[in-house]
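S.K.: Shown below is the structure under consideration.
The values are calculated or read from the model by the stated rules, or taken from the named source; none is laboratory data. Note that the structure is predicted; figures quoted are calculated from it, not measured. Note that each Cβ is placed from the backbone with ideal geometry, even for glycine, and that neighbours are counted across all protein chains shown.
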Amino acid sequence: MIGRRTAGVGITGRVGAAAGPPALSGLARQAVEESGAPGAVVGRRGPAGPEIGTCGLASVGGRPVRPEDRWHIGSLAKSMTATVVARLAEAGRIRWEDTVGEVLGPVIGAIRPWFAEASYADLLRHRAGLGCNLPLLEWVRLGWSEDRDLRADRLHCAAVMLARRPAGPRGQFRYSNAGYVVAGAMLEQALGQTWEALIGETLFAPLGLASAGFGPPSGDDPVTGHRRRLLGGLRAVPPSPGADNVPALGPAGTVHIAMGDMLTYLACHATEDPGFLGTASWALLHEPPPAGEPCAMGWARNPDGTLRHDGSNTLWYASMLIDRKRRRAAAVFMNACTGRQAQCALAARILARAIAD
């Protein structure tokens, strides 16, 4: 495993200090200036190893961003959940072709017939016919209490979604957070462990991702997400259960992580590390089906063959990119979601520059 590396170059200005290799600190500055987020970090992994640049503040009026800070990555965690499924399938603990009906039918019962035949692959490719999210009232009923039974909550989510009419035919792309929650419930039912425990033992621990955790980053003076004020500007949202989606949504996106560890994870994907997964598993994770939207398992394929995904829980924004041909990877994290469409385009420009240099 390649160790983390940063270099020290300081730049000061109205957006706060920038630090790291000049090219990356400049991209982090661009992220802050163009998005309006208080702080940002940009990282890349290529021939020179991992490099990290930072700019701005951990929260409005707070300290400067540091390379080792942890950030909420939203839906970037979807590829992590898919990677967990691949690892467990290779270990023989589950099968890719296991279906919703086979795994959840005995405990849920009332599953619409068109969902019963959906497999892990259908769910992780957003092709199971499920809607995007659980109804809002159901999320509110679940709540944010830290002592909730997450396996029971995910089974409840699955039961609600699988009893609804389909949002579209199985096999047709329809982005679905709910699909990842159902996949998580299947893993938990099949193996008797929470998704949190499974991702810890099959992904975080083997790759040494010591900074990875769940919910908003906490601890001593962490980076915080931000919400728009009604009369303009941003306000910090301190770490609390309500500063993220409900924990039951975990498989779809409640992970936080430091950029250095994220680059380790992305390098594993960019190089399709044969020591971590076999060739067939990497192909399943990275290659979209031949027809329809170019969306694989937690990745969308760009026209040039690179793979990318974005994520936000509405308080943060994160984006990642891998180039498997050149064995390069990059990510950008910002601690505010100031406009998804604009930040998506901004992140695309930043990541393209990061892996091009």
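S.K.: Only one of (1) over 21 Å from residue 268 (Cα atoms); (2) not in a helix (DSSP H, G or I) fails for residue 341. Which number is that?
M.R.: Result: residue 341 passes all but (2).
S.K.: Next up: For segment 109-121, name all the residues that are under 27 Å from the mean Cα position of the chain (by Cα) and farther than 10 Å from residue 180 by Cα.
M.R.: Matches in segment 109-121: 115, 116, 117, 118, 119, 121.
S.K.: Next question, about the same structure. Among the numbered conditions (1) farther than 29 Å from residue 69 by Cα; (2) surrounded by fewer than 20 Cβ atoms within 10 Å (Cβ to Cβ), tell me where residue 284 comes up short.
M.R.: Here residue 284 clears every test but (2).
S.K.: I'm checking my understanding of the structure. Among residues of segment 222-267 that are charged (D, E, K, R) and at pLDDT below 95, which one is farthest from residue 76 (Cα to Cα)?
M.R.: Looking at residues that are charged (D, E, K, R) and at pLDDT below 95, I get 229.
S.K.: Going residue by residue through segment 228-251, is there one that turns out to be touching a residue at least 12 places away in the same chain (Cβ under 8 Å), under 28 Å from residue 157 (Cβ atoms) and basic (Lys, Arg)?
M.R.: No, the conditions are met nowhere in segment 228-251.
S.K.: Within segment 266-281, can you find the residues that are hydroxyl-bearing (Ser, Thr, Tyr) and surrounded by 15 or more Cβ atoms within 10 Å (Cβ to Cβ)?
M.R.: 271, 281
S.K.: If you don't mind, there's one more thing I want to ask. Any chance you could count how many residues in segment 301-325 are in contact with a Pro (Cβ under 9 Å, 6 or more places away or on another chain) and farther than 15 Å from residue 40 by Cα?
M.R.: Counting residues in segment 301-325 that are in contact with a Pro (Cβ under 9 Å, 6 or more places away or on another chain) and farther than 15 Å from residue 40 by Cα gives 4.
S.K.: For segment 86-117, give me each residue that is part of a loop (DSSP other than H, G, I, E, B) and modelled with pLDDT of 95 or more.
M.R.: Result: 91, 92, 93, 94, 95, 96, 97, 98.
S.K.: Picking from 51, 34, which residue would you name as being touching a strand residue (DSSP E or B) at 6+ places or on another chain (Cβ under 7 Å), more than 19 Å from residue 180 (Cα to Cα) and outside any loop (DSSP other than H, G, I, E, B)?
M.R.: 51
S.K.: Tell me which residues, restricted to segment 172-201, are within 20 Å of residue 309 (Cβ to Cβ) and assigned to a helix (DSSP H, G or I).
M.R.: If the condition is that a residue be within 20 Å of residue 309 (Cβ to Cβ) and assigned to a helix (DSSP H, G or I), then 177, 178, 179, 180, 181, 182, 183, 184, 195, 199 are the ones that fit.
S.K.: Ok, one more. Among the listed residues 298, 305, which satisfies the condition of being of a type outside the set (A, V, I, L, M, F, W, C), surrounded by 22 or more Cβ atoms within 10 Å (Cβ to Cβ) and in a loop (DSSP other than H, G, I, E, B)?
M.R.: After ruling out the rest, the residue left standing is 298.
S.K.: Let me ask you something else. Scan segment 298-328 for residues that are more than 25 Å from residue 64 (Cα to Cα) and touching a strand residue (DSSP E or B) at 6+ places or on another chain (Cβ under 9 Å) and report the count.
M.R.: Qualifying residue count for the region: 18.
S.K.: Just to verify a result, which residue in segment 60-102, among those that are farther than 30 Å from residue 181 by Cβ and not acidic (Asp, Glu), is surrounded by the most Cβ atoms within 10 Å (Cβ to Cβ)?
M.R.: If we take residues in segment 60-102 being farther than 30 Å from residue 181 by Cβ and not acidic (Asp, Glu), then 65 is surrounded by the most Cβ atoms within 10 Å (Cβ to Cβ).
S.K.: Something else now. Among the residues in segment 133-144, are any modelled with pLDDT under 95, farther than 30 Å from residue 260 by Cβ and in contact with an Asp or Glu (Cβ under 6 Å, 6 or more places away or on another chain)?
M.R.: Checked segment 133-144: at least one residue is modelled with pLDDT under 95, farther than 30 Å from residue 260 by Cβ and in contact with an Asp or Glu (Cβ under 6 Å, 6 or more places away or on another chain).
S.K.: Yes or no: segment 132-154 includes at least one residue that is small (Gly, Ala, Ser), buried (at least 16 other Cβ atoms within 10 Å of the Cβ) and over 15 Å from residue 251 (Cβ atoms).
M.R.: Checked against the condition, which is being small (Gly, Ala, Ser), buried (at least 16 other Cβ atoms within 10 Å of the Cβ) and over 15 Å from residue 251 (Cβ atoms), segment 132-154 yields no hits at all.
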